[in-house]
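To start, the structure under review is shown below, and the notes come after it.
The values are calculated or read from the model by the stated rules, or taken from the named source; none is laboratory data. If you're wondering where the values come from, they're calculated on a predicted model, not measured in any experiment. All Cβ positions, even for glycine, are placed from backbone atoms using ideal geometry, and neighbour counts span all protein chains on display. Ligands, DNA and RNA are stripped out before the accessible areas are found, and what is left, the full protein with its side chains, is counted by its heavy atoms. Shrake-Rupley method; radii C 1.70, N 1.55, O 1.52, S 1.80 Å.
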Amino acid sequence: MPEAVTDTSLTVKDRHAAMHATLRQRICLLDYPPGTQLSEIALAKEFGTSRTPMRRVLARLEEEGLVQSVHGVGTLVTDADITELEQAYRLRVELTALTGQLDPVVPDDAFLDRLQDLINRAAQMVVSGTPRSFTDLDMDVFQTLLDLTANDPLRQVLERLYYQTKRLWLVRAIKSELDLEEEYRIFLHELEAIQIALKSGDLNAVAQIQRAHISMSFNRLMQQRD
């Protein structure tokens, strides 16, 4: 369990956010596959909290489309169906382009160091990556690049759309329906292009690079649709 969840110095709000992030990550990494029943009681015990805050966390996940409450059954992890999520994916593509226009944040040296660490991880991924480790890296990259805009409404919508659609890639990868080596190389090239654009100070180019790669990734997924 992440330290943030058990850190007693955190505010109640921050602890709830940490619990939400942990469960969301488990869903997106398929630790909780579609159809998994999530026990409010068991999770509350695991996280050392009462049922009320855990109920709120599960309600938030339901609003985000990652779980659903079924009467007489409980809370179930939703399926990741590309047909149902197609509109969400396309919206994510278009909104990503706005990160370079709406309240863009000029990266400092610390941000560029974080990006270099991610590039190093991506380079290693080409050598010895797995679908799960790649998905974990992709989530870290998403959260890092999201810091390039200070527009809170845009950040919130993009975060919701990202996690709604994230499982689609991992499901296809596990089924061996994608060329994983090629996927890893494309991702590394994307990060290297973003780094070049950032060093030149062109935040709009960074957004366009992200948009193009998300769009191409979506098209590759659609081509593999049953």
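What the table below lists for this structure:
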| quantity | calculated |
| --- | --- |
| Among (1) over 28 Å from L112 (Cβ atoms); (2) open to solvent by 30 Å² or more (accessible area, probe 1.4 Å); (3) assigned to a helix (DSSP H, G or I); (4) among the small types (G, A, S), the one test that A212 misses | (1) |
| Residue match in the range 94-104 (condition: open to solvent by less than 70 Å² (accessible area, probe 1.4 Å) and touching an Asp or Glu at 6+ places or on another chain (Cβ under 9 Å)) | yes |
| Near pairs, Cβ below 7 angstrom, 6+ apart or cross-chain, from the range 186-200 (touching a residue at least 24 places away in the same chain (Cβ under 8 Å)) to any residue that is among the small types (G, A, S) | F187/A122; L188/A122; L188/A123; L191/A122 |
| Helices (runs of 4 or more DSSP H) fully within the range 103-199 counting 3 or more residues that are within 12 Å of the chain's Cα centre (by Cα) | 131-145, 152-174 |
| Residue, nearest to T149 (Cα to Cα), within the range 47-77, restricted to residues that are open to solvent by 30 Å² or more (accessible area, probe 1.4 Å) and in a loop (DSSP other than H, G, I, E, B) | G65 |
| Cβ pairs under 9 Å, 6+ apart, first in the range 18-47 and over 18 Å from S69 (Cβ atoms), second of a type in the set (D, E, K, R) and open to solvent by less than 10 Å² (accessible area, probe 1.4 Å) | C28/R167; L29/R167; L30/R167 |
| Every residue from the range 48-85 that is touching a residue at least 12 places away in the same chain (Cβ under 8 Å), under 18 Å from C28 (Cβ atoms) and among the charged types (D, E, K, R) | R60, E62, E64, D79 |
| Residue match in the range 194-210 (condition: touching a Lys or Arg at 6+ places or on another chain (Cβ under 7 Å) and at pLDDT 95 or above) | no |
| Lone qualifier among A110, A80 - being open to solvent by 30 Å² or more (accessible area, probe 1.4 Å) and aliphatic (A, V, I, L, M) | A110 |
